[in-house]
Amino acid sequence: MDTIARDALTGRLSRRQALVASGLTVLACSSLGGTASAAVGDQESWRFCEKCFSMFYNGSGNKGKCPADGGAHVAQGFLFTPHYDDGAPGQSNIQYDWRFCSRCFAMFYNGSTRGRCPSGGSHVAQGFNFGLNHAASVPPSSQTEWRFCQQCFALFYNGGSSKGRCPVRGGHIAQGFIFNLPYHLEAAVDPSKLPEFLAFDDNSITFKGGIAANGNSHVKLHRDGRVEFTTHFNDSGAVDYYYSIAWAIFASDGTIFTLRHGGKVNGHFTGGQADRKDNFNGDTTSPLVASRWPALAKTNLARMSAHVALKFGLLQDTVKEAADAVVAAATAFDSAYQGVSKDTTGLFDNMVKP
């Protein structure tokens with residue numbers, strides 16, 4: 001009947017306390033006995049947006065505005081820590097005048113013109129003056145292929161075939177230097193900095209074409225291996241629907257964890273109020289989730305797929321669709337995942353057949 005393969009909005013925990021989130025202020029004594037200050041340091045909480053591919057500030061409850069759909073940015077991948085120095089010292093291989101936009105929260109180049117903001121008009125600079133490294137050799141714990149978009153002036157990731165979404169039109173268009181952005185590796189080397197759980201939610205599953213079916217689904221993985229999987233589905237129309245919902249969660253070692261539930265909800269032609277809804281609450285413990293926790297926490301990436309049909313045999317393979325989508329998202333974000341073997345492991349497969 002219809003199909004939906006949707007990006008999952010992920011719930012995430014901070015892997016660090018905000019030790020230097022607001023940066024470090026360096027005070028220097030002047031010859032007149034006063035102080036002259038210059039803000040110098042590394043700022044936490046910069047992330048890749050999985051929808052538009054730009055770099056945005058994720059350190060507050062407000063996630064800015066994404067040009068992909070007009071909603072908020074959605075963080076994925078590494079925790080970047082760009083360096084700033086308001087003195088903007090002249091240094092080879094470092095370009096300054098990269099700024100935070102107070103309207104869309106993206107990092108953009110603040111030259112003589114200021115590009116296009118998805119909130120309308122030009123970007124508005126606020127806060128620190130960031131300097132980005134464009135040396136030919138990539139420093140340790142840095143990701144390369146970050147570029148200036150010549151249309152909107154935002155900093156975006158150019159390392160995959162997809163170029164994200166530019167507020168001017170189409171995908172971003174790279175120009176100029178290839179930047180190397182530093183990121184944290186503490187979670188990989190210090191288990192105490194790993195999050196206690198990863199949560200993935202889709203709060204509104206709907207279908208086009210007048211299909212009177214909707215639902216929601218939630219997955220929560222715990223560090224100790226516990227897995228919670230809940231779904232709710234509802235038929236508010238006349239005819240009966242079979243449905244299937246699946247999640248695929250990607251770990252950086254190539255393991256793909258899948259969860260699926262499906263069943264039937266009745267329309268008002270055949271059903272009463274009780275059987276027009278279907279709720280599933282699954283809870284299990286997987287030693288493999290616990291053993292793969294560092295790899296799961298590194299990517300923190302999931303995709304959901306849902307289908308409805310008038311007959312059970314017409315339902316699409318939601319597990320394969322979700323797994324294909326999460327692999328595509330992972331490889332678009334980091335080309336290193338293209339060479340990783342993909343092993344699929346089912347955590348739940350609870351299809352209620354007629």
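Observations on the structure shown:
- Considering (1) part of a loop (DSSP other than H, G, I, E, B); (2) touching a residue at least 12 places away in the same chain (Cβ under 8 Å); (3) of a type outside the set (Lys, Arg), the lone condition that Asn180 does not fulfil carries the number (1).
- Inspection of region 315-337 finds no residue satisfying the criterion of being in a helix (DSSP H, G or I), charged (D, E, K, R), more than 14 Å from Trp247 (Cβ to Cβ) and touching a Gly at 6+ places or on another chain (Cβ under 9 Å).
- None of Ser244, Ser236 is touching a Leu at 6+ places or on another chain (Cβ under 7 Å) and either surrounded by fewer than 21 Cβ atoms within 10 Å (Cβ to Cβ) or farther than 26 Å from Gly77 by Cβ (or both) except Ser244.
- Candidate set: region 66-90, residues that are of a type in the set (D, E, K, R) and either crowded, with 16+ Cβ neighbours inside 10 Å or over 27 Å from the mean Cα position of the chain (by Cα) (or both); chosen: the one modelled with the highest pLDDT: Asp85
- Screening Ala290 against (1) outside any helix (DSSP H, G or I); (2) surrounded by fewer than 19 Cβ atoms within 10 Å (Cβ to Cβ) leaves a single unmet condition, (1).
The values are calculated or read from the model by the stated rules, or taken from the named source; none is laboratory data. The structure displayed is predicted, hence computed values, not measured ones. Every residue, glycine among them, receives a Cβ derived from its backbone with ideal geometry; neighbour counts consider all protein chains shown.
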